1. Can you tell me, using C-alpha contacts under 8 Å and at least 6 residues apart, the relative contact order of the chain as a whole percent?
2. Which parts of region 165-202 would a label at residue 122 reach, counting a residue when its backbone N lies under 17 Å from a point 7 Å out along Cα-to-Cβ?
3. Suppose R0 equals 41 Å; then what is the FRET efficiency for residue 211 and residue 36 from their Cβ-Cβ distance, rounded to the nearest 0.05?
4. Suppose the chain between residue 23 and residue 78 were pulled fully straight at 0.36 nm per residue; how much longer would it get relative to their current alpha carbon spacing?
5. Whole Å is fine, so just give me how far the alpha carbon centre of region 50-69 lies from that of region 89-152.
6. If each of residue 2 and residue 132 carries a label point 7 Å out from its Cα toward its Cβ, how far apart are those two points in nm?
7. Once R0 is set to 22 Å, what does the formula 1/(1 + (r/R0)^6) return for the Cβ-Cβ distance between residue 226 and residue 194, expressed as a FRET efficiency to the nearest 0.05?
8. Give me 1, 211, 69 ranked fewest to most by other Cβ atoms within 10 Å of their Cβ, as a rough exposure proxy.
């Protein structure tokens, strides 16, 4: 399986993802410059965290028009896997690959922390190696990570089980007291209806090596690899 990690001016987590996919998981990995519109050799497109184009206008608002993102939209439409982390999640909503938007945190502060995250669905490739309802620990680092959508969109997300991750207490309680940024329904990550596009604000790539304090994040990458093996078989 080959991973393609899109690099924008201002990306700062691209090498973190490459360390996981190329060095830990030993998978072919290509860093894709934002002006490169050829993703024909890529199986999984990863849009990393950072501050694409300096977050001018809105987070991800400029990045959505890049050649690499136009190719990513086509990749997703053809059923290809797409993962957006933090700024990557913001870009996916701007590009229309995921519904809703990420807006300023409730208290208007940048948050950098390691938090408990509840896994809500395990029937997709991304989450198949977690347990239903499992509480994992992932880092977050964002100033505009508050997930917002209108009531109809929220209802559709819940009805279609498109919410894959929620902020919670260490015991798995999802309430306002355990919501770091004000995200509606404590949403930390969602997928599209087909399940091939995933966006989340927490950073799984920063929790993929025990030297960094935990390996809950690498399970997500291992899940997509297992799905690829099954597909080939």
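1. Value for the chain: 18 percent.
2. Output list for this probe position: 165-166, 171-173.
3. Using R0 = 41 Å, I get an efficiency of 0.80.
4. 17.0 nm
5. After rounding, the separation between the Cα centres reads 19 Å.
6. Taking the two extended label points, one gets 3.8 nm.
7. Taking R0 as 22 Å, the efficiency between residue 226 and residue 194 is 0.75.
8. So the ranking, lowest neighbour count to highest, is 211, 1, 69.
Bear in mind that the values in this text are calculations on the coordinates, not laboratory data. Small disclaimer: the values here were computed from a predicted structure and weren't measured. Positions of Cβ are backbone-derived with ideal geometry, glycine not excepted, and every protein chain shown enters the neighbour counts.
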